[in-house]
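A.B. asks: Below is one structure. I have some questions about it.
The values are calculated or read from the model by the stated rules, or taken from the named source; none is laboratory data. Here the structure is a predicted model, which means the values were calculated and not measured. Counting neighbours? That spans all protein chains shown, and the Cβs are built from the backbone with ideal geometry, glycine included.
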Ligand SMILES: [Zn+2]
């Protein structure tokens, strides 16, 4: 745009000449001109994508949509994109479409397969070949060599995963057409040697919301300084940016679809297309690298990345880099399904405007220096268009496919070799297996962890009889993960603690994902090779544990051994009266710890209990009389879950967990909080972790954009789910904060998690707790890379690690089901001091802070028994954290506020922490009735609360 027109036109002529000279393609008339017009600088396009090849039989995107891909001011939604994909498949024998699944809102998730005609006819055989190569136990080297000679690598692209990263759908649509019709020699070679899979819209719910958002709020706006919020408040039913951090848990339909695709096709590469860095970053991580990934993978992804940097740089495209993004220790992203299963997971970050309009953009100084990983940097100011972004994505993709075509046999060999290496490690070096005892206090949770492993195609068996090993004896029913299997490396990664190096680069996200730590369970490694002789039954389906009802009598007891399903059970029994024991008691020769349930005889109870025991894996005991023990009433509270419009992401995971457990709650929008009258509607106000500063938590999205409706209309048909609004700006405001205060004053219980705790402790709802320096204010480790490492080094950081804690109040209901010393999962949050009786008066030098009052400290950071602080992951500056409150329970008016300095509801991963929150919900009346107790005082029966 700012270049003299003559220079541009000359460059364009050169591009067209070079493009046509090296190919047999005839450009579609007008395509080169339209692309040039939509490209802001001739350096921002390659000869490969500077035109669209003409075809007399196959419809080009321009013929179908009436415009080129990446045209300014337009975005494709799912309906049009899929219609084109089907038209392409109908017209070309080199293209087929497949349905990978359906989204939460029912939209199709579609995939294109593109290759030469022979391969498209032969897809089943090619899929069979990669599946056989994936399992070296049934494919010996000779058979593998034969398969490799007759097959080819499969390369999968995943577009539009993050909905505000809007460019990749159209880049992939144009790529699909180009691959199908171009006779350019490089593309012929790709077609002949590779099968290309393209998922143009991996999260269709978010795509359609984003497209509606663009046309409603962003179209025609090009001044970046005055743009309104660039994204709808939701991208999917539950989450926002976290949709790509779901690979270990597979909760979203987007994730499930890609995982199903993976295990059906076994692509050598799964490639996510993101937009976050100028002008293009091809991931390979700074290290430290995860030791449980085969070393071949790290060399392969470096090779692919450097080929892209080389190819685009050679074509004069500036700003292409690799390295200095993420660390490649954590493989918890969507592409990681490949990383964790012996393939290659990759990603781009290109420069997205978050809009289809052309904008003037500033590039940060740190992205403009010449480095070994960025040989041709870009300047500080660029005019950037949707087509520029597309040019980089599509050119990069072609470079990657070209490299894959060149190395196709080597990649197949490597894929087979990685499966072989993994399997052989399980045969030749300890551990040879993990043993997961069935009875660890919560049999259902053990079964759920086994289900997670099996969901990753990790094979799990069950012992048919007692197994004697040098580590001990394990009863029949013990789950056994033998490690002589192709996904041994991933099994080891999921079942052992992570050790993130303390002097490593700053991590990008979590540093621990060990499942036994997340689930608070044991998986015992064995170095005894005789495990291979043990009689085992291979599990075909995930286990389901049924609870039992034993004994006899009208009273039911439920022994608290830490079962997570207590919350679900309470709501299944919502209409029944239940009491919770405050101390250990004995009945029928069995000891029942504090937290156990006492359910007296009630009409309908005998029919209600057995199905709940069966469904939730809970064992009830019938006894003849109510045991003598202090207990309190535990009514199922009416839960209100406040979801601020400014950040719906992390709280989405709470909604997911409650929905999975069929626990009812009221979804409270900002406007619902403002409307007040909360105490008459709910008993417990749950406010989860949000990635917002205090002012943003209160004031929400800037009112300068008001009103911003998020409502289903003819113009915006995808809006309004899962919640709607006439105006998402303005937050709860001080009006809403006052309503929350009134709710607590009137005897409500407020629960705050993670950075949501800032609102309670720093917003003044709770007094006398001082924020301490040294913490990291926001949870996201974000940014990653070397530049942020030094600045983060000084602060206290636990960026997603399992760390030790100690209960100060072992009598407190939150401790039910837990030992006095345990651990929880913690990300980076502010640090808070122990409460005091008063804080220093302003200007007063003699009236300093009052004495500490630990009566509200339920749990503190660190293990007072002296165990090492880190259970799995890593921590920095932990000396400043140890001893500080991890959970505070503070009286306010007639109510209480319980504040967690961590997030027990992290992405449906830390299931073993969830019971802490469930305890607070289940025992809400006792917590409110408790009022301040003196630490160490003997607990007595709680007074009945007012109702
Ligand atoms: Zn992204």
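A.B. asks: Looking at segment 640-658, I want the residues that are farther than 16 Å from residue 694 by Cα and have a partner that is assigned to a helix (DSSP H, G or I) with Cβ atoms under 6 Å, at least 6 apart or on another chain. Which pairs are those?
C.D. replies: Pairs found: 649/241; 649/242.
A.B. asks: Ok, one more. Select, from 269, 320, the only residue that is more than 14 Å from the ligand (Cβ to nearest atom) and within 26 Å of residue 413 (Cβ to Cβ).
C.D. replies: Of the residues listed, the single one that is more than 14 Å from the ligand (Cβ to nearest atom) and within 26 Å of residue 413 (Cβ to Cβ) is 269.
A.B. asks: Suppose the filter is away from the ligand (no atom under 16 Å from the Cβ), part of a helix (DSSP H, G or I), on the phi < 0 side of the Ramachandran plot and surrounded by fewer than 20 Cβ atoms within 10 Å (Cβ to Cβ); does residue 142 pass it?
C.D. replies: Values: away from the ligand (no atom under 16 Å from the Cβ): yes; part of a helix (DSSP H, G or I): yes; on the phi < 0 side of the Ramachandran plot: yes; surrounded by fewer than 20 Cβ atoms within 10 Å (Cβ to Cβ): yes.
Yes, satisfied.
A.B. asks: Can we say residue 277 is touching a residue at least 60 places away in the same chain (Cβ under 8 Å), in a loop (DSSP other than H, G, I, E, B), within 16 Å of the ligand (Cβ to nearest atom) and surrounded by fewer than 24 Cβ atoms within 10 Å (Cβ to Cβ)?
C.D. replies: Criteria met by residue 277.
A.B. asks: Consider residue 319 against the criteria (1) farther than 19 Å from residue 101 by Cβ; (2) buried (at least 24 other Cβ atoms within 10 Å of the Cβ); (3) out of contact with any strand residue (DSSP E or B) (no Cβ under 8 Å at 6 or more places or on another chain): it satisfies all of them except one. Which criterion is unmet?
C.D. replies: Against the list (1) farther than 19 Å from residue 101 by Cβ; (2) buried (at least 24 other Cβ atoms within 10 Å of the Cβ); (3) out of contact with any strand residue (DSSP E or B) (no Cβ under 8 Å at 6 or more places or on another chain), residue 319 comes up short only on (3).
A.B. asks: Given the structure, is residue 678 surrounded by 19 or more Cβ atoms within 10 Å (Cβ to Cβ) and without any contact (Cβ under 8 Å) to a residue 24 or more places away in the chain?
C.D. replies: Against the criterion (surrounded by 19 or more Cβ atoms within 10 Å (Cβ to Cβ) and without any contact (Cβ under 8 Å) to a residue 24 or more places away in the chain), residue 678 does not qualify.
A.B. asks: If you check 651, 598, which single one turns out to be under 26 Å from residue 237 (Cα atoms), surrounded by 22 or more Cβ atoms within 10 Å (Cβ to Cβ) and touching a strand residue (DSSP E or B) at 6+ places or on another chain (Cβ under 9 Å)?
C.D. replies: Just a single option satisfies the conditions, and that option is 651.
A.B. asks: One residue is enough: does segment 334-347 have a residue meeting the conditions modelled with pLDDT of 95 or more, assigned to a loop (DSSP other than H, G, I, E, B), buried (at least 23 other Cβ atoms within 10 Å of the Cβ) and within 16 Å of the ligand (Cβ to nearest atom)? Walk me through it before giving the result.
C.D. replies: Residues of segment 334-347 that are modelled with pLDDT of 95 or more, as a first pass: 334-347.
Restricting the remaining residues to those that are assigned to a loop (DSSP other than H, G, I, E, B) gives 334-335, 340-343.
Next, only the ones that are buried (at least 23 other Cβ atoms within 10 Å of the Cβ) stay: 334-335, 340-343.
Okay, now just the ones that are also within 16 Å of the ligand (Cβ to nearest atom), so 334-335.
Yes, there is a match, as at least one residue in segment 334-347 is modelled with pLDDT of 95 or more, assigned to a loop (DSSP other than H, G, I, E, B), buried (at least 23 other Cβ atoms within 10 Å of the Cβ) and within 16 Å of the ligand (Cβ to nearest atom).
A.B. asks: How many residues does segment 147-176 hold that are in contact with a strand residue (DSSP E or B) (Cβ under 8 Å, 6 or more places away or on another chain) and away from the ligand (no atom under 16 Å from the Cβ)?
C.D. replies: Residues flagged as in contact with a strand residue (DSSP E or B) (Cβ under 8 Å, 6 or more places away or on another chain) and away from the ligand (no atom under 16 Å from the Cβ) within segment 147-176 amount to 7.
A.B. asks: Just a yes or no: is a residue in segment 368-389 part of a helix (DSSP H, G or I) and surrounded by fewer than 24 Cβ atoms within 10 Å (Cβ to Cβ)?
C.D. replies: Looking for residues that are part of a helix (DSSP H, G or I) and surrounded by fewer than 24 Cβ atoms within 10 Å (Cβ to Cβ), one finds none in segment 368-389, hence no.
A.B. asks: Given the criteria without any contact (Cβ under 8 Å) to a residue 60 or more places away in the chain and out of contact with any helix residue (DSSP H, G or I) (no Cβ under 9 Å at 6 or more places or on another chain), does residue 557 qualify?
C.D. replies: No, not satisfied.
A.B. asks: Does residue 179 fit the bill of being farther than 19 Å from residue 65 by Cβ and either within 16 Å of the ligand (Cβ to nearest atom) or touching a helix residue (DSSP H, G or I) at 6+ places or on another chain (Cβ under 8 Å) (or both)? It would help to see each step written out before you state the result.
C.D. replies: Values: farther than 19 Å from residue 65 by Cβ: no; either within 16 Å of the ligand (Cβ to nearest atom) or touching a helix residue (DSSP H, G or I) at 6+ places or on another chain (Cβ under 8 Å) (or both): yes.
Criteria not met by residue 179.
A.B. asks: Separate question: Tell me, please, whether a residue that is under 28 Å from the mean Cα position of the chain (by Cα), closer than 29 Å to residue 712 by Cα and within 16 Å of the ligand (Cβ to nearest atom) can be found in segment 182-199.
C.D. replies: There is at least one residue in segment 182-199 that is under 28 Å from the mean Cα position of the chain (by Cα), closer than 29 Å to residue 712 by Cα and within 16 Å of the ligand (Cβ to nearest atom).
A.B. asks: Among the residues of segment 303-316, is there at least one that is buried (at least 21 other Cβ atoms within 10 Å of the Cβ), within 16 Å of the ligand (Cβ to nearest atom) and assigned to a helix (DSSP H, G or I)?
C.D. replies: Going residue by residue through segment 303-316, those that are buried (at least 21 other Cβ atoms within 10 Å of the Cβ) are 304-305, 308-309, 312.
Add one more test, that the residue is within 16 Å of the ligand (Cβ to nearest atom), and what stays is none.
No, segment 303-316 has no match at all.
A.B. asks: Return the residues of segment 567-593 that are part of a helix (DSSP H, G or I) and free of Cβ contacts under 8 Å to residues at least 60 places away in the same chain; say none if nothing qualifies.
C.D. replies: Correct list: 569 only.
A.B. asks: On to the next question. In segment 253-266, what count of residues is obtained for those that are more than 16 Å from the ligand (Cβ to nearest atom) and either in a loop (DSSP other than H, G, I, E, B) or touching a strand residue (DSSP E or B) at 6+ places or on another chain (Cβ under 8 Å) (or both)?
C.D. replies: First, the residues of segment 253-266 that are more than 16 Å from the ligand (Cβ to nearest atom): 253, 256-257, 259-266.
Add one more test, that the residue is either in a loop (DSSP other than H, G, I, E, B) or touching a strand residue (DSSP E or B) at 6+ places or on another chain (Cβ under 8 Å) (or both), and what stays is 253, 256-257, 260-262, 265-266.
Selection size over segment 253-266: 8.
A.B. asks: Just one of 242, 212 is at pLDDT 95 or above, surrounded by fewer than 23 Cβ atoms within 10 Å (Cβ to Cβ) and either closer than 30 Å to residue 300 by Cβ or within 16 Å of the ligand (Cβ to nearest atom) (or both); which is it? Full working, then the answer.
C.D. replies: Details: 212 fails: either closer than 30 Å to residue 300 by Cβ or within 16 Å of the ligand (Cβ to nearest atom) (or both).
Of the residues listed, the single one that is at pLDDT 95 or above, surrounded by fewer than 23 Cβ atoms within 10 Å (Cβ to Cβ) and either closer than 30 Å to residue 300 by Cβ or within 16 Å of the ligand (Cβ to nearest atom) (or both) is 242.
A.B. asks: Give the number of residues within segment 860-881 that are touching a helix residue (DSSP H, G or I) at 6+ places or on another chain (Cβ under 7 Å) and either assigned to a strand (DSSP E or B) or surrounded by fewer than 17 Cβ atoms within 10 Å (Cβ to Cβ) (or both).
C.D. replies: 3
A.B. asks: What's the number of the condition residue 250 fails, among (1) in a loop (DSSP other than H, G, I, E, B); (2) touching a helix residue (DSSP H, G or I) at 6+ places or on another chain (Cβ under 6 Å); (3) within 16 Å of the ligand (Cβ to nearest atom)?
C.D. replies: Condition not satisfied by residue 250: (3).
A.B. asks: Which count do you get for residues in segment 348-381 that are over 30 Å from residue 513 (Cβ atoms) and within 16 Å of the ligand (Cβ to nearest atom)?
C.D. replies: Of the residues in that region, 3 qualify.
A.B. asks: Return the residues of segment 32-57 that are crowded, with 20+ Cβ neighbours inside 10 Å and more than 23 Å from residue 279 (Cα to Cα); say none if nothing qualifies.
C.D. replies: Matches in segment 32-57: 53 only.
A.B. asks: Being more than 28 Å from the chain's Cα centre (by Cα) and surrounded by 24 or more Cβ atoms within 10 Å (Cβ to Cβ) is the requirement here; does residue 161 meet it?
C.D. replies: Working: more than 28 Å from the chain's Cα centre (by Cα): no; surrounded by 24 or more Cβ atoms within 10 Å (Cβ to Cβ): yes.
So residue 161 fails the test.
A.B. asks: Within segment 115-132, is there a residue that is buried (at least 22 other Cβ atoms within 10 Å of the Cβ) and within 16 Å of the ligand (Cβ to nearest atom)?
C.D. replies: no
A.B. asks: So, one more: Might you check whether a residue that is without any contact (Cβ under 8 Å) to a residue 24 or more places away in the chain, touching a helix residue (DSSP H, G or I) at 6+ places or on another chain (Cβ under 7 Å) and not in a loop (DSSP other than H, G, I, E, B) occurs anywhere in segment 81-96?
C.D. replies: No, segment 81-96 contains no residue that is without any contact (Cβ under 8 Å) to a residue 24 or more places away in the chain, touching a helix residue (DSSP H, G or I) at 6+ places or on another chain (Cβ under 7 Å) and not in a loop (DSSP other than H, G, I, E, B).
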